[in-house]
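Comments concern the structure below.
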Amino acid sequence: MTTGRGPRRAVTILFLAVALLFVAMLLRGQWTSLDEVMAATRAFDWSFQPWLLALAVVVGVADLLLMGSVWARIFRRTGGNVGRAAAVRVWVVTNFGRYIPGKVWQLGGLAAYMKDRGDSGAAALVSAAAFQIVTLVTGGAVAASTIGVAWAGAEGNWLPVVLTLGVLLLLGLHPRVIRWAASRLGRWLGEDDLTVELDAGDILRAAMGLLLAWSLYGLGLYLLLRGVGVAVDVDQLPVVTGIFAASYVVGYLVLVAPGGLVVREGAMTVLLADLVGLAVGVAAAVAIMARIWMVVTELAALALVLAWPRTVEEEERVA
């Protein structure tokens, strides 16, 4: 059958077109802001090294594919049938929905896309909700275990760090907590009967994958810093990773900011100035560069997955 293939493709193209329009607007605004901030930081010796910047993009693309793979496994465990490569492609495409104002576009778009492909929309929504919860919990844990350690080392008080890590890991990743949070999110999106059938092993594997993803993001930010002339030592890599994780989580939790815009940059600026010792203007410029770097990696990942050849199973599914 070929009925419906045209409309489905048209909807996908429209979704991407709208999302990329917002991405273009974001990049234009960020580039203008960067130009203004760098004009105010001419005293800093900016030294651009293209090969390090290119390597940062490669690391970022690999990270996005890893995160898509983690979601794909959760999706298949919650009732999805699509192959892993196809699921990663769908995740990368619909991930651009977070740039459209309103967080619902990323999750709702993923569910609608999979349902329209003939797969389980409910499984897509459940897996997306569980994935976001584990992402935020592991991101918070990375921030607490790196930034928290840096602050605790300066003040000699480790108890808050230990307690925060305990709450995040033992409670935030408990299967019952994830089931409850996913069901609440499902009701918010208009799905009242969603159930999450993930056991502790599934959640542990997802958490391990996402901890690796946070580590790669930290490496990417470190390469970006070195690539623009910011002198950071390799022993600062854990703190840099925590800075990225903390700013990402804070930006995501502010629902009114598409893609965490402004909020993430503000948090990263404060943390870079406090923990890495950058001047505020330089830290602000780096935060904007980090946003542009992330968008470039997402566009590169999008181009990559769209270029993947479809399998026979995929062709039959979309036909």
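The values are calculated or read from the model by the stated rules, or taken from the named source; none is laboratory data. None of these values were measured; they are calculated from a predicted model. Ideal geometry is used to build each Cβ from the backbone, glycine not excepted, and the neighbour counts take in all protein chains shown.
Numbers below:
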{"item": "Only listed residue being among the hydroxyl-bearing types (Ser, Thr, Tyr), at pLDDT 80 or above and either over 19 Å from the mean Cα position of the chain (by Cα) or under 19 Å from Leu224 (Cα atoms) (or both), chosen from Ser33, Ser47, Ser69", "result": "Ser47"}
{"item": "Of residues in the stretch 216-275 being under 22 Å from Thr138 (Cα atoms) and out of contact with any helix residue (DSSP H, G or I) (no Cβ under 7 Å at 6 or more places or on another chain), the one modelled with the lowest pLDDT", "result": "Leu255"}
{"item": "Leading residue by the ranking (modelled with the lowest pLDDT) among those in the stretch 73-87 that are assigned to a helix (DSSP H, G or I) and surrounded by fewer than 24 Cβ atoms within 10 Å (Cβ to Cβ)", "result": "Arg77"}
{"item": "Selection from the stretch 34-67 of residues that are of a type in the set (Asp, Glu) and surrounded by 19 or more Cβ atoms within 10 Å (Cβ to Cβ)", "result": "Asp63"}
{"item": "Top-ranked residue of the stretch 34-51 - restricted to ones that are part of a loop (DSSP other than H, G, I, E, B) and of a type in the set (Gly, Ala, Ser), ranked as nearest to Ala285 (Cα to Cα)", "result": "Ala40"}
{"item": "The stretch 222-240 residues that are charged (D, E, K, R), paired with ones that are assigned to a helix (DSSP H, G or I) (beta carbon under 9 Å, 6 or more apart)", "result": "Arg226/Leu52; Arg226/Ala56"}
{"item": "Residue within the stretch 171-182 that is among the basic types (Lys, Arg) and modelled with pLDDT of 90 or more present", "result": "no"}
